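Step one of this worksheet: look at the structure below.
The values are calculated or read from the model by the stated rules, or taken from the named source; none is laboratory data. What you are looking at is a predicted structure, and each value in this text was computed from that prediction instead of being measured. Cβ atoms come from the backbone with ideal geometry, glycine included; neighbour counts cover every protein chain shown. These accessible areas exclude ligands, DNA and RNA; they are computed on the full protein's heavy atoms, side chains included. Shrake-Rupley method; radii C 1.70, N 1.55, O 1.52, S 1.80 Å.
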Amino acid sequence: IPASRILIRRVGAYYVLGRNAEALHDAQAAVGVLSGTGDLVWEARALHWRAAVYLAMGDIGRADRDYARVEELWLECGQQTEYAYARYERAIAAHARGDLPTALGHLDFAQSLLDELGIFAANLFVNKCAVLLAAGLVQDALADVNAALARIERDRGATIWRAELLHSSALAAAATGDFVLAQERSAEALRLFRRHQRPWWAARTELVQLRCQFAAGQDRPATLLQAARR
C-alpha cells in the first residue's frame, strides 16, 4: 500500500507538468492496487487523480464515471469536503461535454455543501461564471462572481484567486455590455497577474481589454494597455 501512495503523489507531479500519459499510467496502477483493499481514503484519492487526468485528456465519460465512484467513497468515509470538491470537478466535466444544466446543478450542489462547511472556494465561482456565460445567463454570471469578489475582498483572501475573480467579473461585465466596468476589472486583474508572473492569464486579460475597446469603439485600443503597464 505505501508504494501505491508514492504512485499517487507522482501522478500529481506528472499532472502539474502536463505529462498526462505518465500520470494516467501511474493512476491506473494505483487504482488497481488499492481497489478492494478496504483503504477507502486512498482508493478515493487514486480514483480522483485518474478522473482528473481523464478530464485533462478529454475522456469525459471515463472521468465522470470515476468522479461518481469517488463521491460514493467519500460519502462512505464521511469526508464531506472532498465529496463537495469531487462534485465540483464533476461539474467541470459536464461543462466540457456541453451539458450546461448538469454542470450548473453540480456547481450549485457543491457550493451549497461548501457553504454549510464554512469553506469559500473561489475557483468554483470562476468556473460557475464560465458556465453561466456559456448558458447565456450573463446577468446571473455577473451578480454571482461579483458576490464572490466582494467576499474575497472582505475576508482579505488570496490575491491569486482575487485576480481570477476579477478576470471573470470583467468577462461577465463585457457580456452584459458594461464595458467601463469590464475595463476597470480587467486592468486590475492584469496588474495582479503580472505581479504574480502569470503570463498566460495576463494575455487572456489583455484580450478582454482589447475586445472591450473594440466594442466600445475606441480609436486608440492601446491606450488602456499602456496605462495598465504603468
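Table for the structure above
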read-out	value
Percent accessible area from carbon and sulfur atoms, the chain, protein chains only, probe 1.4 Å	53 percent
Highest-fluctuation residue, VAL16, VAL70, VAL53 considered, GNM on the chain with Cα pairs under 10 Å	VAL16
Magnitude of the charge dipole, region 48-105, Cβ model with Lys/Arg +1 and Asp/Glu -1, debye to 20	140 debye
For region 122-193: rounded, prolate or oblate by the Cα gyration tensor [a/c cutoff 1.5]	oblate
The chain: most fluctuating residue of GLN197, GLN183, GLN80 per GNM, C-alpha cutoff 10 Å	GLN197
Global form of region 20-116, assessed from the alpha-carbon gyration tensor, a/c cut-off 1.5	oblate
Ellipsoid semi-axes in whole angstrom, largest first, where each is sqrt(5λ) of the Cα gyration tensor of region 56-185	27, 18, 11
Three-way shape call for region 105-163 based on the alpha-carbon gyration tensor, with the a/c threshold at 1.5	oblate
At least 18 Å along the helix axis (C-alpha) and Kyte average at least -0.5, DSSP helices within the chain	2-17, 20-34, 40-56, 100-116, 122-134, 138-154, 159-176, 179-195, 199-216
Centre separation in Å (Cα based) which lies between region 69-139 and region 170-207	24 Å
Residue with peak Gaussian network fluctuation, the chain [Cα springs, cutoff 10 Å], from ALA86, ALA143, ALA63	ALA143
The chain: proportion of alpha-carbon pairs further apart than 23 angstrom, %	55 percent
